[in-house]
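To keep things clear, I will list the structure first and then write my remarks on it.
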Amino acid sequence: MTADAEILRNAQGDFPSPQFPTVFADGVGSLINSPTVVKFFLARFEPSFSGDGRSQLQAFAQVVMPIDGFAAMFAFFEAQVRIMVQAGHLNEQRLAELRAMFKPSPVS
């Protein structure tokens, strides 16, 4: 059994244990799909070891999902964004700015 599986198996109570795995991502670096599977890379800005203020976007994990699961995740996130807008954590203007960054590519 992997260490992560052992942590999940031994979880007690209503909250994750202190050993529960956590990742931080600034975003998604890229995505590719086949007719049945979606793959995308989580990425974060990593600072230079030299401490000179430079950073670069670095992929650190690949997520592979069936396309139906990916679509369900999108629907879940879409509903959560609506809740965040209603709560005032996001606004429609910022969402429009973010959406403008991702214009569909022409299909050949």
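Here, each number is a calculation from the coordinates, and none is a lab measurement. Please read these numbers as outputs of a predicted model, since none were measured by experiment. Virtual Cβ from ideal backbone geometry, glycine too; neighbours counted across all protein chains shown.
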Descending semi-axes in whole angstrom, ellipsoid equivalent of segment 55-104, from the Cα gyration tensor: 23, 18, 12
Kindly identify the chain as rounded, prolate or oblate by the Cα gyration tensor criterion: order the square roots of the eigenvalues as a ≥ b ≥ c, call it rounded if a/c is under 1.5, otherwise compare a/b with b/c, prolate if a/b is larger, else oblate. rounded
Show the residues, 5+ positions off or on another chain, whose built amide H is closer than 5 Å to the amide H of residue 90. 85
If R0 = 22 Å, then residue 75 and residue 45, at their Cβ-Cβ distance, give a FRET efficiency to the nearest 0.05 of 0.20
Short version: ³J(HN,Hα) in whole Hz for each residue of segment 91-106, in order, from phi by Karplus 6.51 cos²θ - 1.76 cosθ + 1.60 (θ = phi - 60°), x for Gly and Pro, what are they? 10, 4, 4, 5, 4, 4, 4, 5, 5, 5, 6, 10, 7, x, 7, x
Positive dipole terminus of segment 11-108, leading residue within 59, 30, 74 (C-beta point charges): 30
Do you know the relative contact order of the chain, to the nearest whole percent, from alpha carbon pairs under 8 angstrom that are 6+ apart? 15 percent
At most 12 other Cβ within 10 Å, DSSP loop - trypsin sites (Lys or Arg not before Pro), segment 27-96: 54
